[in-house]
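The values are calculated or read from the model by the stated rules, or taken from the named source; none is laboratory data. Source: prediction; values computed, not measured. Ideal geometry is used to build each Cβ from the backbone, glycine not excepted, and the neighbour counts take in all protein chains shown. SASA here: full protein model, heavy atoms, side chains in, ligands and nucleic acids out. Shrake-Rupley method; radii C 1.70, N 1.55, O 1.52, S 1.80 Å.
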Amino acid sequence: MAILPQSIPQSIRQGIRQSIRRSIRRSTRGVATIFLTLALALSGATLAPAAFADPGHPSGGSPSVDFGPNVKIFDPTMPQSQIQAAVDAIATQQVDNEMGTARYAILFKPGVYGTVTNPLVFQVGYYTEVAGLGVSPGDVTINGHVDVYNRCFTADNCSALDNFWRSVSNLTIAVAGGTACRSSGEFWAVSQAAPMRRVNVTGGTLTFMDYCTAGPQFASGGFMADSKAGAIVNGSQQQFLVRNSSIGSWSNGVWNQVFSGVTGAPAQSFPTPTYTTLATTAVSREKPYLFFDSVTNSYSVFVPDGRTDSVGTTWQTAPTAGRAIPLSDFFVAKPGVSVRTINDQLARGRNLLFTPGVYDVDRTISVKRADTVVLGLGVATLTAVNGAVPLAVADVPGVDVAGLMIDAGAVNSPMLLQIGAKRDGHWHDHDAQSDTLRRGESRNQTAIQDVYFRIGGPHAGKATVALQVNSDNVLLDNIWAWRADHGKGVGWTANTSETGVVVNGRNVTATGLFSEHFQKYNVIWNGERGTTVFFQNELPYDAPNQAAWQHDGVLGWAGYKVADSVKTHTLWGGGSYIFTNVDPTIHATRGFEVPVTPGVQLHDLLTVQLGAGTLDHVVNDTGDPVSGAAVGIPSFVVNF
């Protein structure tokens, strides 16, 4: 500890020593600041408040955290015209920037923004995260709209089918303003990888369909969790998962609407209408989030506890249970940082926060410490370089990886995210402690939330597997693995990838699993006692012919494969769709392929033909075919 001159009063000396101790625990940068303060105090000088201004905070006066230029933090004392101009400028840039590299986080400190007479209304474009910085959704209120609309490619072709990669979370939207049709509700017309979390919608309807443009107004979502709303319009949404939320009403179903642990959910009725309703969510854990404490003038990340057999939100009746980690315990990464530096910081016991941007990853980022949090802001994106595996998590409990996109690069990667080390020959052992293992570790499971994978799209990409889960007791919550069907570097021999998700661990639960267009099985589940609540799949569009897409006497590959050796597996609410537009004569024998054994149970399944190709069966050899004779009309199997 520093030796301080006796001329400094004892009370001040004690305060300086305490500050030095805190700074040593936090960062060398903090130590430098303390010694600078001490030197100025001894000389009689003062340190101007501007020296502590936050470069990532437009209004200054917050802790010295550099989140980079693409994190916009707003304060309720700022002029609303300034906030409106900033969010509108980002929307203008991002609304059509589907394959661009710009990333943004728009963050609101606790307070109220907009009024009924002067509402704050703005759109959310690609690669934009909008979030409140309170502890609870009630700490930030936006009087207005936080909207996503259809994209109109031509005057008569408007839809939300490609409205991916954005989010809204941890705030209250008090619906106000808007003109004409847009005044009728809060619009969140999105497809995959565009979650709504910890949002309270009041004063108006929440609509997942944009019915204010020309047609066809299609949408292919979607995910909502830990949120509260009154009347909800599903509209044209082909499929949607609502988990652990509270809703007033739900308008309709199209193909696959799933509700898990939702108060106010419609009754189980699949397939007429297509509602799959589970009274509770067996295993869940909400995504970590950044918050600001105005009392201590500091940022922290809150990590919610896992829950079992849960209903409703984590925050309506009591504060969300969990732990707060000060931001000083995180390495705040910005684009251009080396993987060596990231791994060094992880090895020192720090957590990892990726600020918005695209990161070239030429070697594996290795998470080896239990309970590490890896959190991305603004859809931060890791891109594989020279065939690297961008991110790997050791076989340790309690890790949380959330809010990231992981892209394949031009050189094939064996996988893009690996959870746990593979243990050959030990996947399928069935022990008597199965339920105890699942329940006993549910509060400290490793969780992967809002993590997305792309092979092709923004650029050429190749990966054998997108996500491989080898550890036991892992939760997958809102995962989208996408082999691109449009964009750059797209084609049967261009963006090659066999499988989206491979699960080898035991007691793995998926709540919201999307896997599309992979060239073999889209999902392979090898581990025992797996559970999926909501699955959405499109088979590959671009197989050149039947000979190129078949195996072992089977036409095509199933979207969801449970290994023949598995004894126990459950799926609720699953859909597999076919659209082989390169060769419309192609058949796939089945959408789902599972062993026939009492412990493997699938509920509320469907297949759909979207305009090309034929899917002969729903599961194994059960279920009627879907073909061009009835485009968009599902074939259902309620229980298998």
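Identify, by number, the condition in (1) of a type in the set (A, V, I, L, M, F, W, C); (2) assigned to a strand (DSSP E or B); (3) buried (at least 24 other Cβ atoms within 10 Å of the Cβ) that ALA193 doesn't meet. The failed condition is (2). Taking (1) β-branched (Val, Ile, Thr); (2) within 19 Å of the chain's Cα centre (by Cα); (3) open to solvent by less than 50 Å² (accessible area, probe 1.4 Å) in turn, THR101 satisfies each apart from (3). Of everything in region 621-640 that is assigned to a strand (DSSP E or B) and open to solvent by 60 Å² or more (accessible area, probe 1.4 Å), the residue that is farthest from ALA558 (Cα to Cα) is ASN639. What's the number of the condition PRO598 fails, among (1) touching a His at 6+ places or on another chain (Cβ under 7 Å); (2) under 17 Å from THR622 (Cα atoms); (3) outside any strand (DSSP E or B)? PRO598 satisfies every listed condition except (1).
Taking the stated definitions as given, is SER220 modelled with pLDDT of 95 or more, surrounded by 23 or more Cβ atoms within 10 Å (Cβ to Cβ), touching a Gly at 6+ places or on another chain (Cβ under 6 Å) and not aromatic (Phe, Trp, Tyr)? Don't jump to the end; show me each part of the working.
Details: modelled with pLDDT of 95 or more: yes; surrounded by 23 or more Cβ atoms within 10 Å (Cβ to Cβ): yes; touching a Gly at 6+ places or on another chain (Cβ under 6 Å): no; not aromatic (Phe, Trp, Tyr): yes.
No: the conditions fail for SER220.
Take region 167-190 and flag every residue that is open to solvent by less than 10 Å² (accessible area, probe 1.4 Å) and either within 15 Å of ARG151 (Cα to Cα) or among the β-branched types (Val, Ile, Thr) (or both). The answer is VAL168, ILE173, PHE187, TRP188, ALA189, VAL190.
Within region 370-423, being more than 18 Å from the chain's Cα centre (by Cα) and assigned to a strand (DSSP E or B) holds for ALA384, SER413, PRO414, MET415. Pairs are defined by a Cβ separation below 6 Å, a sequence spacing of at least 6 or placement on different chains, a first member in region 482-504 that is small (Gly, Ala, Ser), and a second member that is open to solvent by 20 Å² or more (accessible area, probe 1.4 Å); the pairs so defined are ALA484/VAL490; GLY487/MET99; GLY489/HIS459; GLY489/ALA460. The set of residues from region 244-303 being among the β-branched types (Val, Ile, Thr), in a strand (DSSP E or B) and open to solvent by less than 30 Å² (accessible area, probe 1.4 Å) comprises ILE247, VAL258, THR276, THR281, VAL283, VAL301, VAL303. With respect to ALA558, determine if the residue is farther than 23 Å from SER413 by Cβ, open to solvent by 10 Å² or more (accessible area, probe 1.4 Å) and without any contact (Cβ under 8 Å) to a residue 60 or more places away in the chain. Against the criterion (farther than 23 Å from SER413 by Cβ, open to solvent by 10 Å² or more (accessible area, probe 1.4 Å) and without any contact (Cβ under 8 Å) to a residue 60 or more places away in the chain), ALA558 does not qualify. Looking only at residues in region 567-610 that are within 28 Å of the chain's Cα centre (by Cα) and of a type in the set (D, E, K, R), the one that is least open to solvent (accessible area, probe 1.4 Å) is ASP604.
Hey, could you check region 128-153 for residues that are of a type outside the set (A, V, I, L, M, F, W, C) and more than 23 Å from THR207 (Cβ to Cβ) and say which is most open to solvent (accessible area, probe 1.4 Å)? Break it down into steps so the answer makes sense when it comes.
If we filter region 128-153 for residues that are of a type outside the set (A, V, I, L, M, F, W, C), which is where we start, we get 128-129, 132, 134, 136-139, 141, 143-145, 147, 149-151.
Right, trim to more than 23 Å from THR207 (Cβ to Cβ) and you get 134, 136, 139.
Details: GLY134: 1, SER136: 36, ASP139: 63 Å².
Selected residue: ASP139.
Residues that are touching a Leu at 6+ places or on another chain (Cβ under 8 Å) and either surrounded by fewer than 24 Cβ atoms within 10 Å (Cβ to Cβ) or basic (Lys, Arg) (or both) within region 518-532 comprise just one, THR531. Scanning region 91-127 for residues that are out of contact with any Gly (no Cβ under 7 Å at 6 or more places or on another chain) and in a strand (DSSP E or B), we see that the one that is nearest to GLN192 (Cα to Cα) is GLN123. What's the total number of residues in region 340-373 that are open to solvent by 40 Å² or more (accessible area, probe 1.4 Å) and of a type in the set (A, V, I, L, M, F, W, C)? Residues in region 340-373 being open to solvent by 40 Å² or more (accessible area, probe 1.4 Å) and of a type in the set (A, V, I, L, M, F, W, C): 2 in total.
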